[in-house]
Amino acid sequence: MVLPNLNAGYNLARWLLRNDQDAEDAVQTAAVRAFQGIESYRGSDGKAWFLTIVRRSCHNLIRSKRPATAWEDGMEDDIPDLNNPDPEQFVLREFEREQVMRAMTSLPNHLKEIMVLRELEGMSYKEIAEVIEHPIGTVMSRLSKARLKLQSILLDSDAGGTR
Amino acid sequence: MNCQDVSLLLDSYVDGEFIDVIRVREVEEHLKTCAQCQHELAALQKVRTLAQDGATYFSAPESLLSSIQAIGGEDVGPNKVLFDWGRWLRPAFGFASFGLAAAAIVFLLFPRGQVPNLEAEVVASHIRSLQASHLYDVVSTDKHTVKPWFQGKLDFAPDVPNLAADGFPLLGGRLDYIDHHPAAALVYRHAKHMINVFVVPGGGVAASPAPSTDDGYHIVQWTEHSIRYWAVSDLDSQTLETFAQKFIATTRP
């Protein structure tokens with residue numbers, strides 16, 4: 001359950017913790033706990049189970065390093081300035097990628113993790129609910145919020161809708 | 001269904017998370033004639049595509065992969081030691097020089113992967129039992145339940161000692177297959193560590209408990225009354241040997 005889901009675990013940790021060293025630490029801690037707590041694994045989805053442990057591990061790491069930071073805090077210093085950057089300076093594809101990365105990174109963790117699990121891991125609402133240890137309704141509302149936020153950053157404001 | 005309703009359902013709609021076909025149809029009906037909602041749908045789909053294509057999927061770096069393998073001991077093949085010379089040089093095989101010569105012959109006869117390495121086999125079985133959450137087919141801390149369960153499934157019923165008082169509670173048992181023999185696997189726990197005891201009857205010279213390791217797991221194996229036993233765990237070797245001794249003590253008449 002650990003090795004097959006190692007990439008998924010690292011990806012989630014890397015997005016939540018935003019640097020490689022912290023992500024590696026969190027995944028290692030999670031793996032150790034997974035190996036030790038293995039008896040509590042009762043045949044539920046192995047990936048969701050391991051990611052639950054990784055996520056908790058990230059939570060603990062953030063709490064220990066930056067105790068004043070809440071999971072729902074945004075990365076204030078990372079809000080991208082997207083006022084008319086000149087797209088002709090970049091290859092459009094590269095420019096888009098950079099924009100997306102900055103937009104995603106700027107999301108607070110409780111919205112970011114939903115986007116990662118949904119769009120990058122392709123997990124179902126039910127699986128995501130298991131990983132974040134919240135009800136499906138929470139998953140749905142956070143996903144909607146996350147997408148709206150990204151829309152407002154990445155797309156023209158008149159296409160953002162009024163949901 | 002009005003715009004507000006559809007708005008709330010759009011995410012579920014694009015994610016295919018509806019179980020209710022009727023709802024899907026209602027949303028589609030509304031979308032047919034509502035430009036505003038079509039606009040919202042397009043924006044939603046665009047954002048999804050951007051996120052999926054534009055956001056990096058971070059794969060685990062090599063350094064992390066190796067350190068996890070070291071912790072968990074899961075064998076992924078290419079890094080496995082080519083040949084365990086130590087196994088052949090142990091006193092159990094008699095003369096060290098004979099052992100070495102025999103090992104050389106065996107090495108030449110059996111290319112890597114075909115050397116009968118029962119240690120690797122029991123460790124693999126141990127890992128599989130943990131991975132698939134298939135530790136036991138009969139769940140019971142009561143030996144009087146576990147032992148008879150094996151009758152009828154195997155042509156023997158293993159002794160199933162109850163070692164809870166020593167800190168090794170019995171969890172259950174299952175069928176397994178070791179060295180071309182149907183085997184019993186008895187599952188014990190110590191703190192947070194699982195122990196699989198593989199029991200294979202049908203031969204073997206009596207041998208007192210001998211420790212070994214494979215892939216980071218500890219093994220203690222012994223043979224008594226023509227029954228071979230392997231205890232496998234990620235427990236430290238000392239505790240595992242203690243367990244083996246207690247196990248043997250209760251199975252002696």
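Computed from the coordinates by the stated procedures, all read-outs in this text should not be read as laboratory data. None of the values given here were measured: they were computed from a predicted structure. Here the Cβ is made from the backbone with ideal geometry for all residues, glycine too, and neighbour counts use every protein chain on show.
General remarks:
- Averaged over A:15-21, number of beta-carbon atoms from partner chains that fall within 10 Å: 1
- Per-residue Cβ neighbour counts within 10 Å put B:TYR229, B:TYR136 in the sequence B:TYR136, B:TYR229, beginning with the fewest.
- Peptide B:38-50, shielding by other chains (average Cβ, 10 Å cutoff): 6
- Checking every one of the trypsin sites (Lys or Arg not before Pro) in the range B:124-194 against DSSP loop status and a limit of 16 other Cβ atoms within 10 Å picks out B:LYS153, B:LYS192.
- Per-residue Cβ neighbour rank within 10 angstrom, fewest leading, A:SER57, B:SER237, B:SER125: B:SER237, B:SER125, A:SER57
- When the Cα positions of B:VAL146, B:PHE247, B:VAL220 are compared along the charge dipole of the range B:133-253, B:VAL146 comes out farthest toward the positive end, with charges on each C-beta of Lys, Arg, Asp and Glu.
- Mean projected area (nm²) of the alpha-carbon convex hull when the range B:140-179 is viewed from all directions: 3.2
- Gyration tensor verdict on the range B:136-219 (Cα atoms; rounded if a/c is under 1.5, prolate if a/b is larger than b/c, oblate otherwise): oblate
- Burial ordering of A:CYS58, B:CYS3, fewest other beta-carbon atoms within 10 Å first: B:CYS3, A:CYS58
- Alpha-carbon centroids, the range A:100-114 and the range B:207-253: separation in whole Å: 51
- Residues of type lysines that B:LYS153 reaches as a straight line, Cα spacing below 22 Å, ignoring anything fewer than 8 places off in the same chain: B:LYS143
- Distance violations [Cα-Cα > 19 Å] among A:LYS145/B:LYS32; A:LYS47/A:LYS126; A:LYS126/B:LYS46: A:LYS145/B:LYS32; A:LYS126/B:LYS46
- Cross-link partners of B:LYS147 among lysines (Cα-Cα below 22 Å; sequence separation of 8 or more within a chain): B:LYS246
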